[in-house]
Amino acid sequence: MQTVIFSNFFKEKTAGKYSSDYIDQIVEKISFYPKAGKTIGCSKNIYQFPLGICDKKKYNYNLVYFYENRNTPIYFIIIFKDKEHDVLNKAVFYLACDAMK
């Protein structure tokens with residue numbers, strides 16, 4: 001089981017959309033099997049994991065997270081609607097912004 005770190009953007013975007021119990025289940029799944037998601041584009045370390053329909057709206061969301069190896073923690077970057085495009089560039093942007101804070 002690996003450590004999971006939440007970005008500030010992830011906390012803001014999931015507030016009110018998913019229950020804390022559901023997020024805990026996702027954390028448990030991904031911490032035991034970090035490569036559960038599929039890689040995005042040509043990246044080797046950024047993964048996308050389907051979260052399903054949120055509690056209040058009728059949208060499917062995907063979790064975007066960073067995982068390098070067993071020696072580093074998993075970093076939950078942000079969630080995006082299922083139909084959004086260019087997710088890799090946006091994920092890198094949010095990752096860089098959160099690192100600068």
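The values are calculated or read from the model by the stated rules, or taken from the named source; none is laboratory data. The structure displayed is predicted, hence computed values, not measured ones. Glycine gets a Cβ as well: all are built from the backbone with ideal geometry, and neighbour counts include every protein chain shown. Ligands, DNA and RNA are excluded from the accessible area calculation, which covers all protein heavy atoms including side chains. Shrake-Rupley method; radii C 1.70, N 1.55, O 1.52, S 1.80 Å.
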Quiz prompt | Rounded Å value of the spacing that divides the Cα centres of the range 28-58 and the range 61-91 | solution = 7 Å
Practice problem: Find which of 63, 73, 5 sits farthest along the positive direction of the dipole of the chain, computed with +1 on the beta-carbon of Lys and Arg, -1 on that of Asp and Glu, about the Cα centre. | Solution: 63
Quiz item: Among 65, 59, what's the order by accessible area (1.4 angstrom probe), most exposed first?
Solution: 59, 65
Self-check item: the range 43-101 - percent relative contact order, Cα under 8 Å, separation 6 or more
Solution: 25 percent
Exercise. Using a 1.4 Å probe and counting only protein heavy atoms, arrange 4, 64, 92 so the residue with the most accessible area comes first.
Key: 92, 4, 64
Exercise. Please give, to one decimal in nm, the separation of the simple spin-label points placed at residue 82 and residue 45, each 7 Å out from Cα toward the Cβ.
Key: 3.0 nm
Practice problem: With the full set of protein chains in place, find how many percent of the accessible area of the chain is carbon and sulfur; take the probe as 1.4 Å. | Solution: 53 percent
Quiz prompt | the chain, relative contact order in percent, only Cα pairs under 8 angstrom and at least six apart counted | solution = 29 percent
Self-check item: At R0 = 22 Å, FRET efficiency that the Cβ-Cβ distance of residue 55 and residue 28 yields, to 0.05
Solution: 0.70
Self-check item: Loop sites in the range 1-95: trypsin sites (Lys or Arg not before Pro), DSSP, at most 15 other Cβ within 10 Å
Solution: 44, 56, 57, 58, 70, 83
Exercise. Report, in debye and to the nearest 20, how large the dipole of the range 1-94 comes out about its Cα centre when Lys and Arg carry +1 and Asp and Glu carry -1 on their Cβ.
Key: 220 debye
Self-check item: FRET efficiency for residue 99 and residue 19, using Cβ-Cβ distance with R0 set to 35 Å, rounded to 0.05
Solution: 0.80
Practice problem: List every residue whose amide H lies under 5 Å from the amide H of residue 54, counting only residues 5 or more places away in sequence or on a different chain, with H placed 1.01 Å from N in the peptide plane. | Solution: 59, 61
